[in-house]
Amino acid sequence: MKFTEYLLYSVVIAFVLTALTSCEADNMDAPDCHITGKIVYKGQPIGVECELGSDNTITTTMIELWQDGFGASSAQRVNVAQNGTFSTYVYAGVCRLITKKGVGPWLDGDTIKVNVKGNTNIEYEVTPYFTISNEKYSLSADSILTVRFNVEKIAPDAKIKNAGVVLNSTKFVDLTYNKISTKNTPEPGELTYTIDLRSLKNQVHIYARTFVLAEGASCAAYSVEPYLIW
């Protein structure tokens, strides 16, 4: 066989194999197992920041999901809602969940393996830099808001870059999405903040969240649910 004929033969074979592989992937049924879960520390969910997605939902991409043997060669990006919950569809079988390196208010997480059989709910345990608890809100008659909450250091070497309170006219509120905020650089423990809300009296609703951002972290940890001020 001449070299040019051999080369043409090789190209044809490669094209056929690629087409067969592509058809096989295209004909594969969509994943039908629903996996839901939440990111937690000692069973308690961790609030995260939010981001406006392409479908107008507010999410932040923080988890990669890998599942071998189904034609995918890259990770599925799983969105995490601001209350720490996530949801996606996978095939039955073993999948791996990985927190994206450097993304999230926690140390790089370990890979966890989940054997999915039908609809599955999981808790993804991580080690946060800091946790938030015991939030208390008090609004005076002249619209001065006082917020108290506890910050506990979990990662031994963690240091607070800043902590405080953010407020917005919708339930989606963080350091990016807010109408007013206050912050400082405190030590862990019980923190207190006072905010004048008179400039927001024309808003139908005001929601608040507390937060703490560790030095070197890509984003802050937040209180899980936004608090309705009015």
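The values are calculated or read from the model by the stated rules, or taken from the named source; none is laboratory data. What you are looking at is a predicted structure, and each value in this text was computed from that prediction instead of being measured. Neighbour counts run over all protein chains shown; Cβ positions are idealised from the backbone, glycine included. When the accessible area is computed, the model is the full protein with side chains, heavy atoms only, and any ligands, DNA or RNA have been set aside. Shrake-Rupley method; radii C 1.70, N 1.55, O 1.52, S 1.80 Å.
Values computed for the structure shown
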item	result
Karplus-derived 3J(HN,Hα), 6.51/-1.76/1.60, for each residue of the range 118-123, Hz, glycine and proline x	x, 6, 9, 10, 9, 10
Estimated FRET transfer efficiency when R0 is 22 angstrom, pair Thr176-Ala141 (beta carbons, to 0.05)	0.10
Accessible-area composition of the range 86-187, carbon plus sulfur, in percent [1.4 Å probe]	46 percent
Pairwise Lys count, the range 133-230 - Cα closer than 19 Å, eight or more residues apart or different chains	9
Phi to ³J(HN,Hα) by Karplus 6.51 cos²θ - 1.76 cosθ + 1.60 over the range 156-162, Hz, x for Gly, Pro	x, 9, 6, 10, 7, 7, 7
Label-to-label distance, nm, for residues given as Val94 and Arg148 (7 Å Cα→Cβ offset)	5.1 nm
Under 20 Å from the Gln44 label point (7 Å along Cα→beta-carbon), backbone N, the range 201-225	208-215, 219-225
Where the range 141-230 is the region considered: accessible area per residue in Å², 1.4 Å probe	50 Å²
Per-pair calculated FRET efficiency, R0 = 35 Å: Ala30 and Asp157 via Cβ, rounded to 0.05	0.20
